[in-house]
Amino acid sequence: MKITPFLSYQISQLGKDVSLPNSKRNYCKVNETKINNIAEYGENALGEVDMFLKTARTEEQVIDGLFVLDKMLDNKVSGIDKLYPTLSRFNETNSPNIQVMLAGIYRKTLVPDAFGPLNKMLYKQITKPNSPYFDATEEIGGAVLEYITNYKPHTHI
């Protein structure tokens, strides 16, 4: 599928209609139609999504961009693991919402470099939980367990 002005416009709108968790809802709400429209472009949209995430400044923008990547992973789009250098800029975030989204992506891509940051996120959440609406350790800990479960030691002869 070719990159179109429609796709560029949709990506430019990421973050504009995200609702963060609140006392009545323990998860983020996104515009699923927009997310699905972008994700349908698959590998052809990765470059633009990558550029968007490199310049994302708000929590809502980051969350929407990560939702797109998560949907692409569900659609079996390849190459998302190559975006780790961009994703890693969010590894030090204190936002439990971003941490949960990153953990979900790392859980699906199993990029080796993400294992340490996931453990650091888990430690942060265990020692100083910072969401009154949900427990981020569930997703982050699940991602750590996924890495451990899928660990394949290197054998050297």
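The values are calculated or read from the model by the stated rules, or taken from the named source; none is laboratory data. These numbers come from a predicted model, not from an experiment. Glycine gets a Cβ as well: all are built from the backbone with ideal geometry, and neighbour counts include every protein chain shown. Ligands, DNA and RNA are stripped out before the accessible areas are found, and what is left, the full protein with its side chains, is counted by its heavy atoms. Shrake-Rupley method; radii C 1.70, N 1.55, O 1.52, S 1.80 Å.
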One would report the Cα pair-distance distribution of the range 4-157, bin width 10 Å, in %, as 11, 40, 35, 12, 2, 0
Qualifying trypsin sites (Lys or Arg not before Pro) for the range 68-143 [loop in DSSP, other Cβ within 10 Å: at most 12]:
Lys76
Qualifying aspartates and glutamates (Cα of each under 18 Å from Cα of Lys128; at least 8 residues distant if same chain)
Glu92, Glu138, Glu139
Anything over 30 Å Cα to Cα? Flag those among Lys2/Lys152; Lys2/Lys54; Lys34/Lys152; Lys16/Lys76; Lys2/Lys124, in the order listed.
Lys2/Lys152; Lys34/Lys152; Lys2/Lys124
Carbon/sulfur fraction of accessible area - the chain, other protein chains in place, 1.4 Å, %
54
Please compute the net charge surrounding Asn94, taking Lys and Arg as +1 and Asp and Glu as -1 over other residues with Cβ under 15 Å from its Cβ.
+2
Rounded to whole Å and sorted largest first, what semi-axes of the equivalent ellipsoid does the C-alpha gyration tensor of the range 67-155 yield via the square root of 5 times each eigenvalue?
21, 16, 12
Rounded, prolate or oblate: which fits the range 20-72 when a ≥ b ≥ c are the square roots of the eigenvalues of the alpha-carbon gyration tensor, with rounded for a/c under 1.5 and prolate only if a/b beats b/c?
oblate
